[in-house]
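Novice: Right, I'll just put the structure down here and ask away after.
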Amino acid sequence: MGIIIKPIVTEKLTAQGEKLNRYGFIVDRKANKLQIKDAVEKMYNVNVAAVNTANYHGKRKSRYTKSGLLRGRTNHYKKAYITLTGDEKIDFYANI
C-alpha cells in the first residue's frame, strides 16, 4: 500500500474505465512507472498495458476569518493513469 495511495473515482475516469479500460490512482510522488505497474498488477491481479503519470503542484489558498487572513496551500500529489490489456476490469466496489 506504499505506492498506491487511493483510486480516483470520478465521472470522467468511470467513463474511461468502461470505454478505454483506463483507471486512475493517486500514487506516491517518488514512484516511477515500473513501480506503479508492479503495484497495480499485484494488488488487482490484472495485466497493465501502459502507465501515464502527471505531477500536480499544490495551489496557494487564503481565506478571511475573524482573526485575520489565513494563508496556506494544498498538497502536491501525483496521478497515475493505468491502461489494462484485453477485457480485464478493476472493480473498486467489490470490497465494500
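Novice: State the number of residues belonging to region 67-88 that are surrounded by 13 or more Cβ atoms within 10 Å (Cβ to Cβ) and either aliphatic (A, V, I, L, M) or over 16 Å from the mean Cα position of the chain (by Cα) (or both).
Specialist: From region 67-88, those surrounded by 13 or more Cβ atoms within 10 Å (Cβ to Cβ) are 77-84, 88; that's our starting set.
Add one more test, that the residue is either aliphatic (A, V, I, L, M) or over 16 Å from the mean Cα position of the chain (by Cα) (or both), and what stays is 80, 82, 84, 88.
Summing the residues that are surrounded by 13 or more Cβ atoms within 10 Å (Cβ to Cβ) and either aliphatic (A, V, I, L, M) or over 16 Å from the mean Cα position of the chain (by Cα) (or both) in region 67-88 gives 4.
Novice: Identify all residues within region 2-21 that are assigned to a loop (DSSP other than H, G, I, E, B) and farther than 21 Å from Lys42 by Cβ; write none if there are none.
Specialist: Initial filter on region 2-21 (assigned to a loop (DSSP other than H, G, I, E, B)): 2-3, 9-10, 20-21.
Thr10, Leu20 - these are the residues of region 2-21 that are assigned to a loop (DSSP other than H, G, I, E, B) and farther than 21 Å from Lys42 by Cβ.
Novice: Can you report the number of residues in region 17-61 which are under 20 Å from Tyr77 (Cβ atoms), free of Cβ contacts under 8 Å to residues at least 24 places away in the same chain and among the polar types (S, T, N, Q)?
Specialist: 1
Novice: I've got another one for you. Has region 52-66 got at least one residue that is surrounded by 14 or more Cβ atoms within 10 Å (Cβ to Cβ) and closer than 19 Å to Glu88 by Cβ?
Specialist: Going residue by residue through region 52-66, those that are surrounded by 14 or more Cβ atoms within 10 Å (Cβ to Cβ) are 53.
From what's left, closer than 19 Å to Glu88 by Cβ: none.
No, there is no match, as no residue in region 52-66 is surrounded by 14 or more Cβ atoms within 10 Å (Cβ to Cβ) and closer than 19 Å to Glu88 by Cβ.
Every residue, every condition in (1) out of contact with any helix residue (DSSP H, G or I) (no Cβ under 8 Å at 6 or more places or on another chain); (2) aliphatic (A, V, I, L, M); (3) outside any loop (DSSP other than H, G, I, E, B); (4) surrounded by 15 or more Cβ atoms within 10 Å (Cβ to Cβ), yes or no:
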site	(1), (2), (3), (4)
Tyr23	no, no, yes, yes
Leu34	yes, yes, yes, no
Ala39	yes, yes, yes, yes
Ala50	yes, yes, yes, no
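Where a number appears in this text, it was derived from the coordinates with a stated rule and is not lab data. Only a predicted model underlies this, so the values are computations on that prediction, with no experimental measurement involved. All Cβ positions, glycine included, derive from the backbone under ideal geometry; neighbour counts span all protein chains shown.
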